[in-house]
Amino acid sequence: MPSLHRTSAGILADPERWRLNVNNGVHRWQYVDEQTSTQRPQSAAEKYFLGLPTESARNGFRFYQSLQLEDGHWGCAYGGPSFLLAGTVIAMYITETEISPEWKTEIIRYLTSTVNQDGGWGLHSAGDSTVFATSLYYITLRRLGLEPTHPLATKARTRLHTLGGAIGVPQWGKVWLALLNLYSWDGVDPIPPESWLLADWVPFHPWPWWVQCRVVYLPVLRHEIYISPYEKINFERYRDHVAPSDLKKPTSNLLRVANRILRFWEQYVQPDWIVQRANQRVCALTQREDENTSYNCLAPANKAFHMVAVWHSDGVDSPRMISHREKIPPYMWMGESGMTCSGTNGVQAWDTAFTIQAMVEAGLGRDSEFRSSLEKALQFLDVSQLRDNLEDPYRHPRKGGWPFSTKDNGYVVSDCAAEGLKAVLMLQKECNFPSLISDERLQSCVFDSIMVEYPYPECTTAVVTTLSLFHRHFPAYRAAEIEEVIRRACTYILSEQWPNGGWYGSSGVCFTYASLFAMRSLELVGQTWQTSEPVRRCCKEHYTSCEVEEYVQHERSQVVNTAWACWALMHARYPFKEAVEKGLKLIMSRQQANGEWYQEGVEGVFNNTCMIGYPNYKLYFTSWALGRYQHVYLPMLKEMEGL
């Protein structure tokens with residue numbers, strides 16, 4: 001029997017009593033009593049997430065199939081960034097939201113499991129220690145009841161002092177510390193609410209900002225909380241100061257000047273009536289975001305700030321505050337190392353769409369052994385499709401698309417919509433599955449505004465490959481427009497190729513990830529190894545490739561990156577199968593007896609600098625590459641030999 005989990009406070013938690021409840025993709029980990037634990041035994045998926053012994057099948061897809069949750073999707077711990085868990089715990093503390101003893105136990109255990117050898121934590125779970133993460137996690141531990149004399153706290157505090165102390169924390173950290181009365185607002189750069197009163201066409205109006213940045217700052221603007229400055233620190237001196245451990249790019253002179261102008265405006269010019277009007281505007285936008293996302297918010301980064309804002313404006317037991325508290329559990333994930341906070345409320349629709357495509361391309365779409373699993377996956381995509389648009393001028397049309405995680409979250413993304421549509425087309429149009437999603441609903445996914453986004457090779461490829469498949473099954477539907485989109489998109493992809501022959505990945509590590517997607521698009525327009533010099537130039541990577549923007553070899557080969565590389569070569573119609581076989585043999589050598597692969601390096605990234613885990617990638621991209629080799633690549637080589 002697995003050992004109980006104990007913290008320094010003496011609280012016990014039995015890992016066999018955790019259960020994962022799901023409803024339309026929404027996750028809620030629940031610690032049950034002994035009677036419930038006996039009546040509802042843990043599933044194979046729950047045991048796997050918690051690191052408990054499982055009875056799994058003997059190959060990759062059979063093992064992965066056993067992890068499918070009851071409503072048809074695959075769950076995982078979508079975590080890594082340190083500000084997610086810290087912000088959530090601090091927000092719960094500020095808003096007087098109860099944290100159960102079991103949660104405290106498992107969060108402390110997670111932080112104990114992920115601490116660096118030097119006693120600190122990094123911006124993400126694979127990163128070197130930073131002031132930002134170490135200061136926020138130290139405060140988190142203290143708020144959870146860990147004594148300052150505890151070895152974990154003592155070592156963290158020592159590391160923080162070595163890094164120069166919390167004075168060097170970046171902007172988000174300064175805001176959290178100020179909200180806790182641990183930092184003077186004099187040391188926080190202005191975040192002017194008046195910007196939301198400007199006309200939308202003004203170049204620096206916030207609405208075109210990256211959505212994570214835009215929605216995080218909204219609720220913070222509502223607080224005019226000033227605390228007495230500390231006697232020995234001139235906080236204003238440190239407004240633009242970031243510790244070397246945390247600084248990825250120096251603060252530009254333009255930003256410094258803008259901050260000084262805004263500071264002058266804030267202190268000496270700003271009329272009260274403008275402040276009141278701007279705060280009212282931001283309050284309304286914050287409430288709109290809450291309602292549009294069923295109080296999930298875009299992600300825990302902005303949800304934590306929203307909770308503090310609502311607690312301040314509406315009260316500790318207000319209906320909005322209660323709604324926010326109800327949507328905290330879907331973000332929390334219980335795993336082998338303890339409890340942490342996910343980057344969104346999951347990766348449900350994204351992983352499910354890819355899993356369907358993987359099984360179909362591996363030749364299993366018509367296999368009776370996997371029929372039930374694929375039917376459940378299709379049912380999940382059916383209930384997850386977004387069926388309406390929002391009455392919000394700052395949200396793009398979403399009707400017909402798919403989210404990254406759940407319908408409840410409410411945000412549509414171009415590649416998520418595309419991969420969801422592609423998966424449905426594969427099952428319903430090519431594998432004779434029931435038409436749960438009508439042609440009208442499929443066609444509603446193909447419209448202009450859903451694809452509005454900053455350009456990325458990965459998102460562009462998702463759209464191109466899906467439009468190509470859609471056009472095959474709906475040849476009369478907007479044919480000229482689709483062909484023109486595909487032509488322009490492939491031209492864009494070629495323009496993004498780097499001198500080293502690869503493409504830079506914005507959501508995966510890194511050149512192997514984006515190059516895989518580029519090869520998928522170029523194959524559709526006849527650009528392969530035989531016909532295209534750019535493809536020939538393309539034909540083990542470390543996460544720091546994302547930060548330095550050049551290929552960095554990982555100290556150990558990675559099964560996920562190897563699968564991506566093999567996949568790219570197969571899409572490039574690379575004629576020398578020995579190279580592909582060599583990669584696949586490495587993947588096979590790492591497969592365990594029960595069919596799974598163990599976790600290796602981090603797979604995902606956002607904003608170039610913050611890594612985030614996609615733990616299911618090692619389970620379906622590996623099997624996908626192996627299955628595609630047999631079902632698609634080898635027959636293609638034979639066909640090429642016969643030409």
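Remarks
- Modelled label positions at His241 and Gln30, each set 7 Å beyond Cα in the direction of Cβ, lie 5.0 nm from each other.
- Taking the charge dipole of the chain about its Cα centre, with +1 at Lys and Arg Cβ atoms and -1 at Asp and Glu Cβ atoms, the residue from Val22, Met636, Asn279 reaching farthest to the positive side is Met636.
- Leading residue at positive end of dipole, the chain (Cβ point charges), from Pro475, Ala45, Ala349: Ala45
- For region 263-407, the dipole from Cβ point charges (+1 on Lys and Arg, -1 on Asp and Glu) about the Cα centre works out to 280 debye, to the nearest 20.
- Per-pair calculated FRET efficiency, R0 = 56 Å: Arg325 and Asn500 via Cβ, rounded to 0.05: 0.70
- Cα lying deepest toward the dipole's positive end in the chain, options Cys76, Ile167, Ser384, charges on Cβ: Ile167
- Taking only the C-alpha atoms of region 347-496, Rg followed by Dmax gives 14.9, 47 Å.
- DSSP-assigned coil residues among trypsin sites (Lys or Arg not before Pro) in region 35-124, each with at most 15 further Cβ atoms within 10 Å: Arg58
- Relative contact order (percent, whole number), region 347-496, Cα cutoff 8 Å, 6+ residue spacing: 22
- Checking every one of the trypsin sites (Lys or Arg not before Pro) in region 351-435 against DSSP loop status and a limit of 14 other Cβ atoms within 10 Å picks out Arg366, Arg387.
- Each of Ala480 and Arg40 was given a label point 7 Å from its Cα along the Cα-to-Cβ line. The distance between the two points is 5.7 nm.
- Label-point separation in nm, His631 to Ser113, each point 7 Å along Cα→Cβ: 3.3
- Sorted by Cβ neighbour density within 10 Å, fewest at the top, the residues Trp273, Trp333, Trp564, Trp265: Trp273, Trp265, Trp333, Trp564
- One decimal place: the segment Leu436-Ser252 gains 61.0 nm when fully extended, by the rule 0.36 nm per residue minus the C-alpha distance.
- When +1 charges are put on Lys and Arg Cβ atoms and -1 charges on Asp and Glu Cβ atoms, the dipole computed for the chain relative to its Cα centre reaches about 680 debye.
- Sorted by Cβ neighbour density within 10 Å, fewest at the top, the residues Met588, Met339: Met588, Met339
Since every read-out is calculated from the coordinates, none of them should be taken as a lab result. In this text the structure is predicted, and so the values were computed from the model without any measurement. Note that each Cβ is placed from the backbone with ideal geometry, even for glycine, and that neighbours are counted across all protein chains shown.
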